[in-house]
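The values are calculated or read from the model by the stated rules, or taken from the named source; none is laboratory data. What you are looking at is a predicted structure, and each value in this text was computed from that prediction instead of being measured. Ideal geometry is used to build each Cβ from the backbone, glycine not excepted, and the neighbour counts take in all protein chains shown.
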Amino acid sequence: MERRTSDLDLNIEYDTDYRDIKFPRLEFKTGKLLLVLPNNYKKRKQLLEKHKKWISDKNAIIEIAKRKAKNKDLSPKSDDLLKSYIRKFADKYSEDFQAFPNQIFFRKMNSKWGSCSPKRNLTFNTMMKYLPKNLIEYVTLHEFAHLIEKKHTERFWNIISQEFEDYKKKEKELLVYWFLVQDLK
């Protein structure tokens with residue numbers, strides 16, 4: 001992995017990871033820009049220039065979340081309480097959507113609150129114990145929605161908005177909490 005300061009006038013540090021893939025992509029999963037590039041990719045500067053506005057907008061959102069995180073306190077729940085909340089919400093959404101996961105797992109994750117595997121296994125980040133109950137429910141629903149629609153398509157967000165019309169606000173709140181829990185890892 002290679003680290004550098006942005007070649008744009010944005011002055012953003014980023015990492016570059018070369019992999020055996022066909023197409024380049026940009027990620028901000030952990031609050032820092034990551035360029036995931038095909039091996040021997042030669043158009044890094046052009047890629048950054050092409051996505052300059054997206055990078056700038058995303059970075060601004062992250063900086064706001066980091067500032068908001070400084071004014072929040074964490075009150076952790078026990079692991080058992082977290083698991084009971086998620087199981088309760090899982091039962092509700094299984095029934096509501098007639099979508100049933102294969103298994104539910106809990107583990108510490110480095111870049112997301114939860115995931116849904118192709119085998120229909122749901123995994124929840126144990127760091128969710130620092131989230132308020134309404135965000136635990138939101139993340140649970142988010143992963144259940146992936147049992148119906150794999151990608152973040154319009155259909156996916158329609159499923160989410162049936163339960164949480166304010167899902168965009170919830171996503172921003174999750175980002176704030178993400179930066180809060182990073183220091184605890």
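The residue that is nearest to residue 32 (Cα to Cα), counting only those in segment 45-102 that are exposed (fewer than 12 other Cβ atoms within 10 Å of the Cβ) and hydroxyl-bearing (Ser, Thr, Tyr), is 75. Please work out which residue is farthest from residue 88 (Cα to Cα), limiting yourself to segment 126-185 and to residues that are touching a residue at least 24 places away in the same chain (Cβ under 8 Å), among the aromatic types (Phe, Trp, Tyr) and not in a loop (DSSP other than H, G, I, E, B). Looking at the filtered set, the residue picked out is 179. Please tell me if residue 175 is touching a helix residue (DSSP H, G or I) at 6+ places or on another chain (Cβ under 9 Å) and over 18 Å from residue 82 (Cα atoms). The answer is yes for residue 175.
Taking segment 10-35 as the range and being exposed (fewer than 14 other Cβ atoms within 10 Å of the Cβ) and at pLDDT below 90 as the test, the residues that pass are 11, 13, 29.
Answer with yes or no whether residue 69 is among the hydrophobic types (A, V, I, L, M, F, W, C), at pLDDT 95 or above and under 21 Å from the mean Cα position of the chain (by Cα). For residue 69, the condition - among the hydrophobic types (A, V, I, L, M, F, W, C), at pLDDT 95 or above and under 21 Å from the mean Cα position of the chain (by Cα) - is not met. Please state which of the following conditions residue 105 fails to meet, knowing it meets all the rest: (1) more than 20 Å from residue 175 (Cβ to Cβ); (2) part of a helix (DSSP H, G or I); (3) of a type in the set (A, V, I, L, M, F, W, C). All conditions are met except number (2).
Residues in segment 128-141 that are of a type outside the set (Lys, Arg) and out of contact with any Phe, Trp or Tyr (no Cβ under 8 Å at 6 or more places or on another chain) were compared, and the one that is farthest from residue 75 (Cα to Cα) is 134. Could you check segment 45-72 and list, in sequence order, the residues that are in contact (Cβ under 8 Å) with a residue 60 or more places away in the chain and either of a type in the set (Gly, Ala, Ser) or not in a helix (DSSP H, G or I) (or both)? Those that are in contact (Cβ under 8 Å) with a residue 60 or more places away in the chain and either of a type in the set (Gly, Ala, Ser) or not in a helix (DSSP H, G or I) (or both): 65, 69, 72. Listed conditions (1) more than 27 Å from residue 57 (Cα to Cα); (2) touching a residue at least 24 places away in the same chain (Cβ under 8 Å); (3) hydroxyl-bearing (Ser, Thr, Tyr) are all met by residue 111, apart from (1).
Looking across segment 73-99, just one residue is assigned to a loop (DSSP other than H, G, I, E, B) and within 19 Å of residue 152 (Cα to Cα), and that is 99.
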